[in-house]
Amino acid sequence: MSFTYVKASCHCGRNVFQIPFETSKLPLATDLCHCNSCRHVTGTMAAQAAPMKGRPLTADSGPESQKPADLSNLSQYNVSAALTRHFCSTCAAYMLYETNHEDGPSTFSVSTGSLERVEGIVKVGYHAFVGDTLDGGMADHYRVLDGVEIPRYEGDLGGPTLPFGWKAESISKKTATSIDPNDDEKLAAYCHCKAISFYLTRATQEAAKDEAAVWLVPAKDDDPTSRPRFMSGHCFCTSCRLSSGATIRSHAIVPRENIIDSRTSLPISLATESKRPEGLKKYESSPGTYREFCGTCGASVFYCPSAQGNGHGSVDTEGEPAVMGIGVGLFDENDSGARAERWCFWSENLFHPEDAIDKAGLEAVKQGVKAVGSVAA
């Protein structure tokens, strides 16, 4: 039996493995999972993993020497009795999925975003648990791969499928509802273990019309169903990939004043240690750029860029980040679906496409976002 070895690593470099794949089965066609657990435990809109042959190996392993890797730098989170997820204790990268079997040893899969390369190794074969999204989620932005439309299963492989453009009735009704100017709208957001919980408030039309606030999109004055929204998009940069384990990281860009801590009913505080949400851990991915994640379940929560970065990195008068990126996978799908189109304006411009390790996937998302369009809500 011939094996192909691919390096997997996290952003901080504390975890570097060789992943063995059975060569004759490559490329693998695995699911892009949209289930509620995958979204809320990672903070991404969907998760993809590739099953390996055996266990992860040390970085210096190869055909002549196969040594089991030390996993002590990974934190474990049990999503269920059957599934344990392993993420880096330092940078939060989701790296491994361990499936526990009653009648044999556990089996491992690796997050595709942690792999050094995916072309010829693994691709998206189908969308799973699209029904959980209530609006199609990322599946509507990732429709066609290499000229073939990707199957969209309501649940797991082989079950009923859902068409492009499908939305649950509860979501369709909300999207078409005129906004009440006196309505105190909130969008709940939380990680899988619920240790981190907050909600968004609606930006004002006045704030959204400020040309300097490029992260806000004003409502359409002639549309009673339209609301101010937060600029959102899909990122393919190396830092996002290696600090999450996902090939695609999706952010909503939100002013801190609209991010409310559920415990205090005040804007979230990250700069003052005593006011930070308990259980939220910080990782500096580059000088002045911080990524915040749940220390219990590993969900990526906030992205706070450097002031020298991409235009929305600045601090307010309290020394807090004025604007932050939020992992869209944390949003409560019951409000307006996993894409949260009542709150998020999806940009057709993808972030850092030059860094993408999955060029075919990049092209699929580029075309998918354009096909959906930025739906007014």
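The values are calculated or read from the model by the stated rules, or taken from the named source; none is laboratory data. This structure is a prediction, so every number in the text was calculated from the model and none was measured. Positions of Cβ are generated from backbone atoms using ideal geometry, with glycine treated the same way; all protein chains shown enter the neighbour counts.
Would you check which residues across segment 147-176 are outside any loop (DSSP other than H, G, I, E, B) and touching a helix residue (DSSP H, G or I) at 6+ places or on another chain (Cβ under 8 Å) and list them? If the condition is that a residue be outside any loop (DSSP other than H, G, I, E, B) and touching a helix residue (DSSP H, G or I) at 6+ places or on another chain (Cβ under 8 Å), then 152, 153, 170, 171, 174, 175 are the ones that fit.
Given the structure, is residue 192 touching a His at 6+ places or on another chain (Cβ under 6 Å), in contact (Cβ under 8 Å) with a residue 60 or more places away in the chain and surrounded by 19 or more Cβ atoms within 10 Å (Cβ to Cβ)? Please lay out each step first, then the result.
On the way: touching a His at 6+ places or on another chain (Cβ under 6 Å): yes; in contact (Cβ under 8 Å) with a residue 60 or more places away in the chain: yes; surrounded by 19 or more Cβ atoms within 10 Å (Cβ to Cβ): yes.
Yes: the conditions hold for residue 192.
Would it be correct to say that residue 210 is touching a residue at least 60 places away in the same chain (Cβ under 8 Å) and not in a helix (DSSP H, G or I)?
Working: touching a residue at least 60 places away in the same chain (Cβ under 8 Å): no; not in a helix (DSSP H, G or I): yes.
It is false that residue 210 is touching a residue at least 60 places away in the same chain (Cβ under 8 Å) and not in a helix (DSSP H, G or I).
Where strands (runs of 3 or more DSSP E) fall wholly inside segment 61-146, the ranges with 1 or more residues that are among the acidic types (Asp, Glu) are 94-101. Restricting attention to segment 57-78 and to residues that are free of Cβ contacts under 8 Å to residues at least 60 places away in the same chain, loosely packed, with under 12 Cβ neighbours inside 10 Å and of a type outside the set (D, E, K, R), the residue that is nearest to residue 23 (Cα to Cα) turns out to be 65.
Does segment 59-67 contain any residue that is closer than 30 Å to residue 161 by Cα and in the same structural domain as residue 133 (by TED's automatic domain parsing)? If you could, list the steps in order and put the result at the bottom.
Pass one, segment 59-67, residues closer than 30 Å to residue 161 by Cα: none.
No - not one qualifying residue is present in segment 59-67.
Every listed requirement among (1) outside any loop (DSSP other than H, G, I, E, B); (2) at pLDDT below 95 is met by residue 271 save one, (1).
Under the condition of being surrounded by 10 or more Cβ atoms within 10 Å (Cβ to Cβ) and either within 23 Å of residue 360 (Cα to Cα) or hydrophobic (A, V, I, L, M, F, W, C) (or both), the residues counted in segment 149-171 number 11. Every condition in (1) under 21 Å from the mean Cα position of the chain (by Cα); (2) more than 24 Å from residue 258 (Cβ to Cβ); (3) surrounded by fewer than 22 Cβ atoms within 10 Å (Cβ to Cβ) is met by residue 199 except one, and the failing one is (2). Residues in segment 191-250 that are in contact with an Asp or Glu (Cβ under 6 Å, 6 or more places away or on another chain) and of a type outside the set (Phe, Trp, Tyr): 202, 237, 238, 247.
Would you check which residues across segment 80-107 are among the hydrophobic types (A, V, I, L, M, F, W, C), touching a Phe, Trp or Tyr at 6+ places or on another chain (Cβ under 7 Å) and touching a residue at least 40 places away in the same chain (Cβ under 8 Å) and list them? Show your work before the answer.
At the first step, the residues of segment 80-107 found to be among the hydrophobic types (A, V, I, L, M, F, W, C) are 81-83, 87-88, 91-93, 95-96.
Of the ones still in play, those that are also touching a Phe, Trp or Tyr at 6+ places or on another chain (Cβ under 7 Å) are 83, 87, 91-93, 95-96.
Scanning segment 80-107 gives 87, 91, 92, 93, 95, 96.
Scanning segment 333-377 for residues that are of a type in the set (Asp, Glu) and buried (at least 20 other Cβ atoms within 10 Å of the Cβ), we see that the one that is farthest from residue 40 (Cα to Cα) is 358. Can you work out which of the residues in segment 52-85 that are of a type in the set (Lys, Arg) and within 18 Å of residue 2 (Cα to Cα) is farthest from the chain's Cα centre (by Cα)? Filtering segment 52-85 for residues that are of a type in the set (Lys, Arg) and within 18 Å of residue 2 (Cα to Cα), the one farthest from the chain's Cα centre (by Cα) comes out as 67.
Just checking, how many residues over segment 215-238 are at pLDDT 95 or above and not aromatic (Phe, Trp, Tyr)? Show your work before the answer.
Kept after step one, since they are at pLDDT 95 or above, are these residues of segment 215-238: 215-219, 228-238.
Going one step further and asking which of them are not aromatic (Phe, Trp, Tyr), we end up with 216-219, 228-229, 231-235, 237-238.
Adding up the residues that qualify gives 13.
Would you confirm, using the coordinates I've provided, whether residue 143 is under 26 Å from residue 268 (Cβ atoms) and in contact (Cβ under 8 Å) with a residue 60 or more places away in the chain? Considered against the rule, which asks whether it is under 26 Å from residue 268 (Cβ atoms) and in contact (Cβ under 8 Å) with a residue 60 or more places away in the chain, residue 143 comes out as no. Among the residues of segment 79-126, those that are more than 14 Å from residue 49 (Cβ to Cβ) and surrounded by 15 or more Cβ atoms within 10 Å (Cβ to Cβ) comprise 88, 89, 90, 91, 92.
Tell me which residues, restricted to segment 355-369, are in contact with a helix residue (DSSP H, G or I) (Cβ under 6 Å, 6 or more places away or on another chain) and either assigned to a helix (DSSP H, G or I) or aromatic (Phe, Trp, Tyr) (or both). Even if it seems obvious, please write down each step before you answer.
Start the filter on segment 355-369 by keeping residues that are in contact with a helix residue (DSSP H, G or I) (Cβ under 6 Å, 6 or more places away or on another chain), which leaves 355-356, 362, 365, 368-369.
Answer for segment 355-369, where residues must be in contact with a helix residue (DSSP H, G or I) (Cβ under 6 Å, 6 or more places away or on another chain) and either assigned to a helix (DSSP H, G or I) or aromatic (Phe, Trp, Tyr) (or both): 355, 362, 365, 368, 369.
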